[in-house]
Amino acid sequence: MFKILEKTFRAGTVTKDYPDGAAVSPAYRGQPRFDFANWRDPRSTASVCPTGAIEVSDSGQLRTVTVDYGHCIFCGECAGAASGGAVTVTPRFELAATRRSDLRVTAEYTLDSSGAQGALLRGPAEIGAKLKREIHRVLGRSLAIREVDAGSCNGCELEIVALNNSLYDIERFGIQFVASPRHADMLLVTGPVTRNMELALRKTYAATPDPKLVVAVGTCGIGGGIFGVNYATCGGVDQVVPVDVYIPGCPPRPEALLYGILLAVGRLGA
Amino acid sequence: MEALLRELEQASGGAARVMESRAAEIYAKAPLAAIPEIAQALLGVPGARIVAVFAEDRVEPEGVFYNYYVFERTGVEPYLIVRAAIPAADPRFPSLSASLPALNWQEREIQDWFGLEAEGHPNPRRVALHDNWPDVHPLRKDFDLRAKLDAFEGERHTYRPTLGEGVFQIPVGPVHAGIIEPGHFNFAVAGEPILYLQLRMFYTHKGTEKLFESFPVSKCVFLAESVSGDSAFSHATAFSQAVERASGIEVPLRAEVMRTVLLELERIYNHIADIGAMAMDVGFVIANAHAGRIREMVLEVNEELTGSRLLRGMACIGGVRRDWSPAQIAALPAKLSRVEAEFRSMRELIRYSDSTRDRLESTGFLSPEKAAALGIVGVGGRASGVDLDVRRDHPYAAYRRFSLRIPSFSEGDVLRRMCVRTDEVYASIALICAAAGSIPAGPHRAAEVAVPPGRYALAAVEGWRGEILYWVRTGPNQTIERCKIKDPSLNNWPALVEAVQGNIIADFPVINKSFNLSYSGTDR
Ligand code: SF4
């Protein structure tokens, strides 16, 4: 008994301060940032992206470049491929959004007759930066979450489990993981939704009392990720049940999950 | 190895012939009808083992399907791979499962994926495709990856009936109470003790092997990272090694040592978490709290070295994707010795807790005989006397350069599975420190990575769970024609079924955790 207490005291307090501070390590590979005005070669950058998160389409005098953070697996390949530092990897992780379209940014360029890219016509707005205030307003509420793995690779589960460890300690927000959907306010769903989990997800959703929230976790949960839509997958949670918040990441780190969950709670009853 | 080949030729009456002999693999071909005899002869020797069986659709170019039977023998480095052609017009092959239960699921997978009948299989029901799937065979080349199958209806699976007075059935899953992957467990219990357990897996099947055939090779590495997220680096490295061997790509020594460090980091973070979780499952919550914290120390190291807590985006064909600075390397031993000190004192807490030990010892017993017969690998095998480890038996990366301590026990209970993990944590830390002290200068990835078409190779990695196997055949224009994946979980589910029998249902969580198998790795 004494040994147990001694070890506990020696370990001290390890819980991180997020969301009040405690920046993540600068080594963390988070959101790739695009300097649209100086991006000369979006097409060659797009060709290295393993998930097709960067899309370039040309029509007439216009080039449209779309980056979809919902498809991004944060591999950083684009930063290595783009010339002149037009793409940089940042440790940013607060990317969750309430609308799928909020995860996409679009820029338009002129094209000259030879097909060379000209001036930037329109750049995108920042994403994901708006919600700090909201989060603080909702702290103190209690929330019961049922986690549903709808066919993930288990990477997302590792990070969700980490929310319960003493560094992230999600219970300090009054948030608990519960064993039954009947006790849940929120379903936290991972995976591209396999055909074999489609029915189970529908039934779990039906068993969760109203009002309820659904959070799609990770690139697979948002849009099928690297698995996309195929004979065995549905291509994301919102193909099967309505989704309130999308949390990008492959997998999202615990702080990113926390951000997304708190974002979702801010909408409850609103 | 020469002896083995002579045996092979004798066993088949001269019908089997060696096709190709490489450092790490020997390929032979044999008539389909001779396979049972060949298998019997090859496995009749002590230390011999059948590693896997898998199929390939070569109907378009060659008019046949191939079955590949992979064998290994203690002390012999190359794998022996016997290939048998199955005519497209007569899609059947003789089942070996009745005498080799280790192949039970694998042969049924071949039935489901390729529509080849395993003749004489003791339990020929579907395993990979659930019963409500239409009659499709997704790994046939004429099946479209994007095929839109109709909504599934009807009964999923009929379980063996549970009969007898006072015998009850407890169905669990696919959505479980904890934060774990989906699968269905059907327990038959008489009072507290479990009579038997039936499993239904493949809920997380994502068409992964088929997807490999649709991506450029470079993108396939990311797919391999997503086969089992807790083994992202091991899977992606096993895949990369298979492509490297097939294509004759030389991996720089620096990269081989870096890979070794990363593979061991993956082992440590998972083992620490599992030891904590096992303690928690028998009520020792504080040990798990410490384990969670110590695991985070390792994840921090991961992040510092790779930009990812789970080692993603680091594996690539021809080496590793990112280099390390001298300062990063120099900092490793001190960080790991802090992990070791913390881990040691956490482990002591468990060791001195009599009530915890009482719950772990003799629980979930798997006998060495059963483990060997079922083909159990990895942690579960080494706790039951099956002393296999790819790092020693078929060395890859830089494992040849370092001494390895491989723990092995014969008691086969939950406690010994915890002990295997514990000893491996210490051994891995020692290995990482030794490796960090000897990372040679030079490039961290091959300058050029060209993948010629029509080459094939097998590669294995000892992931933290056990043997991860990849076999690839390359296609035209930097593509993959076929990618076979075998996660150790696939072998080891039957071990769980065996180990829970006679235990009380309250001990199921800790027995399950002591194996901690990957559903996604199984289901792909
Ligand atoms: S970081 Fe995201 S956008 Fe960039 S290449 Fe990787 S997946 Fe594509």
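Details
- Accessible area (Å², per residue) of region B:210-489, counting only protein heavy atoms and a probe of 1.4 Å: 29
- Label-point gap, in nm, between B:Arg338 and A:Lys3 - each point 7 angstrom along Cα→Cβ: 2.4
- 20 Å reach of a label modelled at B:Ile406, 7 Å along Cα-to-Cβ, counting backbone N of region B:421-449: B:421-435
- For region B:448-463, 3J(HN,Hα) per residue [Karplus equation, 6.51 cos²θ - 1.76 cosθ + 1.60, θ = phi - 60°, Hz, x = Gly/Pro]: 10, 10, 10, 10, x, x, x, 9, 9, 6, 10, 9, 10, 9, 7, x
- Residue separation of B:Thr158 and B:Glu119 scaled by 0.36 nm, minus their Cα-Cα distance, works out to 11.9 nm of gained length.
- Paramagnetic reach from A:Thr106 in region A:187-228 [backbone N under 20 Å; point 7 Å along Cα→Cβ]: A:223
- Farthest positive-ward along chain B dipole, Cα basis, beta-carbon charges - from B:Ala383, B:Val189, B:His121: B:Ala383
- Contour minus Cα-Cα distance for A:Gln61 and A:Thr13 (0.36 nm per residue): 11.4 nm
- Neighbours of B:Ser218 by Cβ distance under 11 Å: Lys/Arg scored +1, Asp/Glu scored -1, total +1.
- Farthest towards the positive end of the charge dipole of the protein assembly as shown, among the residues A:Asn196, B:Gly466, B:Val282, is the Cα of B:Val282, using unit charges on the Cβ of Lys, Arg, Asp and Glu.
- Shape of region B:26-184, Cα gyration tensor, a/c cut at 1.5: oblate
- For the segment B:285-294, counting C-beta atoms of other chains within 10 Å of every residue's C-beta and taking the mean gives 4.
- Cβ-placed point charges (K, R +1; D, E -1), dipole of region A:132-268 about Cα centre in debye, nearest 20: 300
- Label-point separation, A:Ser114 to B:Ser362 (7 Å along Cα→Cβ), nm: 8.5
- Under the Karplus curve 6.51 cos²θ - 1.76 cosθ + 1.60, θ = phi - 60°, whole-Hz ³J(HN,Hα) for region A:183-200, x wherever Gly or Pro sits: 9, 9, 9, 9, 9, 9, 10, 10, x, x, 6, 6, 4, 6, 10, 4, 5, 4
- Charge tally for B:Leu145 (other residues, Cβ to Cβ under 15 Å; Lys, Arg +1; Asp, Glu -1): +4.
- Taking every residue in B:226-239 and counting other chain Cβ atoms within 10 Å of its Cβ, the average works out to 3.
- Rg and Dmax, both from the Cα atoms of region B:2-119 and both in Å, are 13.6, 40.
- Of the DSSP H helices in chain B, those whose Cα atoms cover at least 30 Å axially and whose Kyte score averages -1.0 or more: B:253-281, B:285-306, B:326-351, B:414-436
- Taking the Cα centre of the protein assembly as shown as origin and assigning +1 to Lys and Arg Cβ atoms and -1 to Asp and Glu Cβ atoms, the resulting dipole is close to 1240 debye.
- Magnitude of the charge dipole for chain A, about its Cα centre and with charges confined to Cβ atoms of Lys, Arg (+1) and Asp, Glu (-1), is about 500 debye.
- On full extension, the segment bounded by B:Asp144 and B:Arg92 gains 16.4 nm, given 0.36 nm per residue less the C-alpha separation.
- The three principal axes of the Cα atoms in chain B give end-to-end lengths of 70, 63, 49 Å, sorted in falling order.
- In region A:229-244, burial by the other protein chains removes 40 Å² or more of accessible area from A:Asn230, A:Tyr231, compared with the chain on its own (1.4 Å probe, ligands and nucleic acids ignored).
- Inter-label distance, nm, simple model (7 Å from Cα along the C-beta direction), A:Glu171/A:Arg99: 3.9
- Mean accessible surface per residue for chain A, computed with a 1.4 Å probe while every protein chain stays in place, in Å²: 40
- Scattering profile of the protein assembly as shown at q = 0.05, 0.10, 0.11 Å⁻¹ [log10 I(q)/I(0), Debye over alpha-carbon scatterers]: -0.25, -1.07, -1.33
- With a 10 Å cut-off around each Cβ of B:209-216, the average count of Cβ atoms from other chains is 2.
- Shape of region A:203-270, Cα gyration tensor, a/c cut at 1.5: oblate
- Whole-angstrom gap from region A:162-214 to region B:85-99, using each part's C-alpha centre: 44
- Percent of beta bridges antiparallel (DSSP, the protein assembly as shown, rounded to nearest 5): 75
- DSSP bridge pairs, region B:210-489: antiparallel proportion in percent, nearest 5: 100
- Computed over Cα pairs, the Kirkwood radius of region B:466-524 leads via Stokes-Einstein (1.002 mPa s, 20 °C) to a diffusion coefficient of 159 µm² per second.
- Within the accessible area of the protein assembly as shown, the carbon and sulfur atoms contribute 52%, probe 1.4 Å, all protein chains present.
- Evaluated over region B:210-489, the count of Lys pairs having alpha-carbon atoms less than 26 Å apart is 6 (only pairs 8 or more residues apart or interchain).
- Projecting the alpha carbon convex hull of region A:132-268 along each direction and taking the average yields 7.3 nm².
- Residue-count net charge about B:Gln40 - beta-carbon cut-off 14 Å; Lys, Arg +1, Asp, Glu -1: -1
- Positive-pole candidate from B:Ala55, B:His130, B:Pro87, dipole of region B:23-172, charges at beta carbon: B:Ala55
- Antiparallel %, DSSP beta bridges [both residues in chain A], to 5: 60
- Region B:244-280 and region B:12-81: distance between their alpha carbon centers, rounded to Å: 29
- Between region B:338-408 and region B:158-208, the alpha-carbon centres lie 27 Å apart.
- When every Cα-Cα distance of region B:99-168 is counted in 10 angstrom steps from zero, the calculated P(r) takes the values 17, 39, 30, 12, 3, 0 percent.
- Between chain A and chain B, roughly 4900 Å² of accessible surface gets buried, counting both sides and using a 1.4 Å probe.
The values are calculated or read from the model by the stated rules, or taken from the named source; none is laboratory data. Everything numeric here is computed off the predicted structure, so don't read it as measured data. All Cβ positions, even for glycine, are placed from backbone atoms using ideal geometry, and neighbour counts span all protein chains on display. Accessible surface areas use protein heavy atoms only, side chains included; no ligands, DNA or RNA. Shrake-Rupley method; radii C 1.70, N 1.55, O 1.52, S 1.80 Å.
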